[in-house]
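Novice: Handing you this structure, nothing more for now.
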Amino acid sequence: MAHITYQKLDDHSVLFWGLLAMHAALIMVGLGAVLYMEHHGHIVTGMNNAVVWGTPHVFAVFLIVAASGALNVASISSVFNRLAYKPFARLSGVLAIALLAGGLAVLVLDLGRPERLTVAMTTYNFKSIFSWNIYLYTGFLVIVAAYLFTMMDRGTARNPAYTKAAGWFAFVWRLALTTGTGSIFGFLVAREAYDAAIMAPLFIAASFLYGLAFTVLVLLTMCRETRQRLLNDEMVSSFRGLLIIFALAVLYFTIVQHLTNLYAAQHWDVEMFILRDGGIYTKLFWLGHIVVGLVIPAGLLLLAGSNAGKAYISERRALTVASILALIGGLCFMYVTIIGGQAFPLKLFPGKEVSSSFLDGQIANYAPSLPEVLLGIAGVSIAMLITGVALKVMPFLPKGEEYDG
Amino acid sequence: MSCSSFEERSAKNGGGCGSGCGCASGGASLQSDEIAPISAARRFFLKSASAFATMALAPGVTLMAYAESTPANARPADQKVSAKNRWGLLIDAGKCQDGCSSCVTACSTENGWATPTRPETDAQWIRKLTVRDPKNGSQFSLPMMCQHCANPPCVDVCPTGASFKRADGIVLVDRHICIGCRYCMMACPYKARSFVHEPLQDQKEYAPRGKGCVESCTMCVHRVDSGRTPACVEACTKTGNNAMIFGDLNDPNSEIAKRVATYRTTRIRDDLGTDPGVYYQNI
């Protein structure tokens, strides 16, 4: 087995410092938005008593789901013994931690009483999936940190059994984590858009896609930063294949979810809302989630892999574009799922029309406010800043063949 | 004898109230010309002391008087809430008038949530629903509030246990440990909960509310514990509609239990298995 050499980022380009400064600035702006929302209350957001989870939750759940998926590469290396992925396992682990930290930060900062975080950490209702998730999330951070230790500590790394054991543990844990995140919605008996066990596997498939897309983009950015070919053509081809499979898996679970609902007359209303009559939600579902997020990336990657397609787009470029599109589609998927699912009214009297001063029976209004969007973006920036700083202070990146340009 | 009669008695006894209160009794040995300034000081001291005593004791005395005036079925403060009771409501939609919202007004006044002007963000602990059958146009109206479920989804999902169900079936939010995650609002099938979107003023001491916390109908727990009926039920009775009955569903001799046993009643979204404590008739 070839010896893998790792490196810290030390020869910094304008790109590196520029990105770091941009993310730091976005985090500051996001924190300002949090102070503004906490001072005035959620009245300054677009959220209301019908759409109680808004844009911050879209970003938070997206990042948490992606965090689990970011561990793909490490899992493939340790659990499935694919040595070609091993050089990227460290980056995979640190990115998973960073994305989860970003997502959790957004989730916590959007609480009505964020200063009561200590209450949430010390007072539990063990019947709540939210409580389970607190353990799943903190456990994930600890387990992945231990996993990284087994990969990076010289003494421990000599014995691959430790890394393998930690890798297996992290692999099982990440599946549990995403199952828990999907079940936050799947366990809601009253919400027609969610109430289904398929939410858990759907979220797992989505995590594979978004996590790998993040990993690919960070790796390609680092190729530019280090001026090294960190990803050889074989790896580009492998990532291309994986992204296609993951995009098709998300598509499959999405189809099954909606087909099942369409079969049951009681769910026709909510299905028609999402698939046909829901305005922005319908557009985001078809254009954002399905076309931009799944079909185009899969098509593009398939094209780039074919002999005829290579003349039009290189695999590397297709991988970049497909990853960006998959992440945009992921945000659309979360928006439709989280906000669209709440916008559709609760059925207090199935088959009857209901009206009230509380807007019962009506499609709920929701428009994201600027502070919400800024908080959500700050979450992404927290993840990216942690990753950038981590790559600078510790050797998470493999060394690659240098290239010019 | 109280210290208030000190001045009269000091004139006779030369100081001290003589009532055994220990307020001051050493004045007898003093010369008469020395008495005046000391009396003034004592007067000041005693006035202050009596004012302090009044302030300290009055609330207790008031509470005792209040307790004495409460109905016999009030739960003593030292007695735990019991699962022997299951407080509930029976609402007769046939008697609930279309334009009437006295229950809503009474709840708003009692619990200190303002009449909503912004339907999307203002709290509504109770609201009037109009339900229409699109097939034949028939319609009815009814009040909708927390259904005080025996299997409340809001309690199940709450991460901190802030949403909780008392042994007697009343579902409440502990404002001290609510972190404002709103998961309970996602879980409630009845849209019964509101989030406090902005700072509040003029709250009722028995119905604490707070920005960033979730709240809902408490079934007027403060009234129930003192043996009274919820404000909405009282207001409905006052209008003469008598569409709402409050009582103990577990007590076979209560009016609510008898009527639930006698008439065909419905519970909203009973199919979800939440076992609501609010029953509806004629819907």
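Just so it is clear, none of the values below were taken in a lab; they were calculated from the coordinates. As the structure is a prediction and not an experimental result, all values here were calculated from the model. For neighbour counting, all protein chains shown are included, and Cβ atoms are generated from backbone atoms with ideal geometry for every residue, glycine included.
Novice: What does the C-alpha gyration tensor say about the overall shape of the protein assembly as shown? Classify as rounded when a/c is under 1.5, otherwise prolate if a/b is larger than b/c, or oblate.
Specialist: Here the protein assembly as shown falls in the oblate category.
Novice: Moving on. Going by how many other beta carbons lie within 10 Å of each one, how would you line up B:E234, A:E401, fewest first?
Specialist: On the way: B:E234 18, A:E401 8.
So the residues, fewest neighbours to most, are A:E401, B:E234.
Novice: Under a cut-off of 20 Å between alpha-carbon atoms, report the aspartates and glutamates in cross-link reach of A:K164, not counting same-chain residues fewer than 8 places apart.
Specialist: A:D153
Novice: Could you size up the charge dipole of the protein assembly as shown around its Cα centre, putting +1 on the beta carbon of Lys and Arg and -1 on that of Asp and Glu, and report it in debye to the nearest 20? Display every interim value, and only then the final one.
Specialist: Working: 57 positive and 48 negative charges, 173 e Å.
With only Lys, Arg, Asp and Glu charged at Cβ, the dipole is about 840 debye.
Novice: Can I ask one more? Please determine, in degrees from 0 to 90 and to the nearest 10, the orientation of helix A:370-393 with respect to the longest principal axis defined by the Cα atoms of chain A, where the helix direction is its Cα long axis.
Specialist: 20
Novice: Ranking A:I377, A:I274, A:I313 by Cβ neighbours within 10 Å, fewest first, what do you get? Mind dumping the intermediate values first?
Specialist: Details: A:I377 19, A:I274 23, A:I313 16.
Ranked by crowding around the Cβ, least crowded first: A:I313, A:I377, A:I274.
Novice: Counting other beta carbons within 10 Å of each Cβ, put A:Y335, A:Y263 in order, fewest first.
Specialist: Numbers: A:Y335 24, A:Y263 10.
With the fewest neighbours first, A:Y335, A:Y263 line up as A:Y263, A:Y335.
Novice: Then there's this: Quick check: convex hull over the Cα atoms of chain A, volume per residue in Å³, rounded to an integer? Before the final figure, lay out each step's value.
Specialist: Details: hull volume 61.3 nm³, N = 405.
Per-residue hull volume (Cα only) is 151 Å³.
Novice: Can you list the lysines whose alpha carbon is less than 23 Å from that of A:K347, not counting same-chain residues fewer than 8 positions off?
Specialist: Within the straight-line cut-off, A:K347 pairs with B:K128, B:K135, B:K191.
Novice: Now, a different point. If you average the alpha carbon positions of region A:10-74 and of region A:258-290, how far apart do those two centres end up, in angstrom?
Specialist: 28
Novice: Just tell me which lysines come within less than 19 Å, Cα to Cα, of B:K258; anything on the same chain fewer than 8 places away is out.
Specialist: Cross-link targets: B:K84, B:K95.
Novice: Here's another thing I want to ask about it. Helix A:233-263 versus the longest principal axis of chain A: what is the Cα-based angle in degrees, 0 to 90, to the nearest 10?
Specialist: On a 0 to 90 degree scale, this one is about 10.
Novice: Over chain A, calculate the relative contact order: mean separation of alpha carbon pairs under 8 Å at least 6 apart, over the residue count, as a percent.
Specialist: On the way: 624 pairs, mean separation 130.5, N = 405.
Relative contact order for chain A comes out at 32 percent.
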